[in-house]
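First up is the structure itself, then whatever we jot down about it.
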Amino acid sequence: MSDFIQLLPDNIANQIAAGEVIQRPASVVKELMENAIDAGATKIDINIKDAGKTLIQVVDNGNGMSESDAVLCFQRHATSKIRTADDLFALTTKGFRGEALASVAAIAHVEMRTKTEDADTGRSIVIEGSNIKSNEDTVCPKGTSFEIKNLFYNVPARRNFLKKDSTEFKHIQDEFERIAFSHANIHLTLKHNGTEIHNLPAAVLRKRIVNILGPNFNDRLVPIEESTEIVQLKGFVLKPEFAKKSRGEQFFFVNDRYFRSPYFNHAITKAFEGLVQHGKFPGYFLYLDVDPQKIDVNVHPTKTEIKFEEEKFIYSILLSGIRLALGKYNISPSLDFERETSFDIPHSMHSQPATEPSIKVNENYNPFSTSSRTGSGGGSKAKDNFSKAIMDQGFGSKEANSEDWANFYKIEDESPVEEEKTAIPFEEFKDSETTFIVKGSYIISSSKSGLILIHARRAIEQIVYSVMINRFISNPIESQSLLFPIEKEVSKSEESCWLENQSLLQQLGFNGEIKDGILQVAAVPSVLQEEAISKAIDELFATLAYQDIEKGEIAHAFIASIARSAAMKNLNLSTNESIQGLIDQLFQCENHTYSPRNKKIIETISLDEIAQKFN
Ligand code: ADP
Ligand code: MG
């Protein structure tokens, strides 16, 4: 019997490992900048040619490396940053895996010069595809400089996969800015093809943000500061009127490291509730300081997701800290242009306890199933009519393509859903004989423990959304060809968004081609009314423009906006039956407390609160 198993040669193993760490030129920039910061640099200069495809140069004035470290640093798992397993649980450096330089050296031509404070001469090392080509003394200042050329020269699949220069450079700029926002005390410069993009001298945080985003921002920043045993929170939110259609200005940092968190983002959205227009995202630059033992940065290879031990607590600090700050700066809900209520909700009811997201995607869940979970009202005629109205929104039954949607579950996992105990159980309604409609918009019903108020339009929005999202997980949205294609002028960046997201757009029911800057839309989701198509495409572009957005999030945003227009159209509460049907349907949604846009659907007024009004 012959043996089949062979050990991979080191250079191939390194190339494979490199794929995880280095996805594109921006990853190299990030890794090299982080190394420079870990080396105590006070100035880092970055020089890029052709979006990093030709050259990435990073020069720092940090501690430098000794002659032997200068060679060792390119070996896999070579790191000066952790010694014992315990160190892993209390990281204070950016790097710790010892993989970045080995990875870069495996897939590019690298030249490094480095010198420590007390060495007489520096070292210059040239390494290509993991092979050292030269290693000699050189004259150079204290610190380290890297020149990375011909990235992915030996991994053509990766190289061909790179996007056009403007896109790749945007990624580099994003990484650079994230680091710049979180290291105001380091002088950073960025050049692209000889043009200076940023020159950011060391400064206080506010000045750094303004230096990056422009002088207009100075007046837009509202400072946040909260200090507790578990977390120190500081930073700024943008005044609500500067909320944008894209999420470009949303930044979380923990211990000076950028991270993404749909969960914490929900706390911010909630703090801005009623102050920001539908479909717009408030801006923020929020810095958390927590004990490094209480976070785990190890969960994601590119380290933008972080696990927090005390995330619930931090959620509530974010929520209250921002509300307080907005209040202090007199940005109170009196500016609330969105509120349509004819009566004011008592302020005490706004101060809900912090809620936690839970995993809530159930593929098998069918909101139209006759064996309904509540067992009451199932199969009533009104309900069937209502179901039909939603079914008529036109969802297809094409072959499932769930593989592509692995991401989708991830986002849903993190999507904020009201905690079980604060959700109102259907039983509350059971004995309720009477429901009232106020102003055609609100359903008021007596319950065992007081009154329940339902925002009818949001309820419909949530029902349509739940149905669509549950189906969408396995089926593309049904598409309808247009007799006459719709034409729309698009910018260069919109053009690349459209091309990069072809398969997602098809899943969403869109089909179109771009010629000479004109998008010709040949097919659209059949749920879209003709007059809504143009706006839907604009919204889609606004969402796609956000570089980091996940597929699932785009789908969520799009389906939420369809749900919203469906709700506008379908608000019919003329009969008792239609009201009861709506309540039944709402309670069959897994989340019936918040709409897809995180707006409250249900409120309660307890008997106590009613009694208090007569005090
Ligand atoms: P890690 O950062 O995870 O330790 P890297 O592969 O990024 O792994 O770097 C390996 C080692 O090389 C680092 O631990 C550090 O000792 C050294 N090093 C890398 N870049 C620099 C730099 N700019 N200045 C000084 N030392 C550096
Ligand atoms: Mg590193």
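This table checks each residue for (1) within 13 Å of residue 252 (Cβ to Cβ); (2) hydrophobic (A, V, I, L, M, F, W, C); (3) at pLDDT 90 or above; (4) out of contact with any strand residue (DSSP E or B) (no Cβ under 9 Å at 6 or more places or on another chain).
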position	(1), (2), (3), (4)
284	yes, no, yes, no
291	no, no, yes, yes
298	no, no, no, no
301	no, no, no, yes
313	no, yes, yes, yes
318	yes, yes, yes, no
Practice prompt. Of the numbered conditions (1) under 30 Å from residue 123 (Cα atoms); (2) among the β-branched types (Val, Ile, Thr); (3) not in a helix (DSSP H, G or I), residue 222 fails exactly one; give the number of that condition.
Written response: (1)
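Here is a check on your reading of the model: is residue 36 in a helix (DSSP H, G or I), under 24 Å from residue 297 (Cβ atoms), within 13 Å of ligand 1 (Cβ to nearest atom) and modelled with pLDDT of 95 or more? So that I can check it myself, show each step before the final result.
Values: in a helix (DSSP H, G or I): yes; under 24 Å from residue 297 (Cβ atoms): yes; within 13 Å of ligand 1 (Cβ to nearest atom): yes; modelled with pLDDT of 95 or more: yes.
Here the answer is yes, as residue 36 does meet what is asked.
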Worksheet item: Looking at 221, 162, 188, which is the one that is buried (at least 16 other Cβ atoms within 10 Å of the Cβ) and either closer than 24 Å to residue 64 by Cα or hydroxyl-bearing (Ser, Thr, Tyr) (or both)?
Response: 188
Worksheet entry | Those residues of region 162-208 which are of a type in the set (S, T, N, Q) and part of a strand (DSSP E or B), in sequence order | 189, 195, 199
Worksheet item: If you go through region 543-564 one residue at a time, do you hit one that is in the same structural domain as residue 441 (by TED's automatic domain parsing), assigned to a loop (DSSP other than H, G, I, E, B) and over 30 Å from residue 305 (Cα atoms)?
Response: no
Discussion item. Under 6 Å between Cβ atoms, which residue pairs at least 6 apart in sequence (or on different chains) link something in region 31-46 that is more than 12 Å from residue 183 (Cα to Cα) with a partner that is assigned to a helix (DSSP H, G or I) and near ligand 2 (Cβ under 8 Å from one of its atoms)?
Written reply: 31/100
Response to the item:
Of (1) more than 25 Å from the chain's Cα centre (by Cα); (2) at pLDDT below 95, residue 168 fails just (1)
Worksheet item: What is the number of the single condition among (1) buried (at least 18 other Cβ atoms within 10 Å of the Cβ); (2) out of contact with any Lys or Arg (no Cβ under 8 Å at 6 or more places or on another chain); (3) without any contact (Cβ under 8 Å) to a residue 40 or more places away in the chain that residue 307 does not meet?
Response: (1)
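Among the residues of region 119-141, is any within 9 Å of ligand 1 (Cβ to nearest atom) and either out of contact with any helix residue (DSSP H, G or I) (no Cβ under 6 Å at 6 or more places or on another chain) or not assigned by TED's automatic domain parsing to the domain that holds residue 60 (or both)? Lay out the reasoning, then the answer.
Within region 119-141, the subset within 9 Å of ligand 1 (Cβ to nearest atom) is none.
No: zero hits.
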Worksheet item: Given the residues 119, 78, 108, which is the only one that is more than 17 Å from residue 33 (Cα to Cα) and surrounded by 20 or more Cβ atoms within 10 Å (Cβ to Cβ)?
Response: 108
Item to complete: Give the residues of region 104-146 that are modelled with pLDDT of 90 or more and within 30 Å of residue 305 (Cβ to Cβ), sorted by residue number.
Response: 104, 105, 106, 107, 108, 110, 144, 146
Worksheet item: Would it be correct to say that residue 610 is in contact (Cβ under 8 Å) with a residue 24 or more places away in the chain and part of a helix (DSSP H, G or I)?
Response: yes
Worksheet entry | region 225-249, subset of a type in the set (Val, Ile, Thr) and in a loop (DSSP other than H, G, I, E, B), residue farthest from the chain's Cα centre (by Cα) | 228
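The values are calculated or read from the model by the stated rules, or taken from the named source; none is laboratory data. Small disclaimer: the values here were computed from a predicted structure and weren't measured. Note that we place each Cβ from the backbone using ideal geometry, even for glycine, and neighbour counts take in every protein chain shown.
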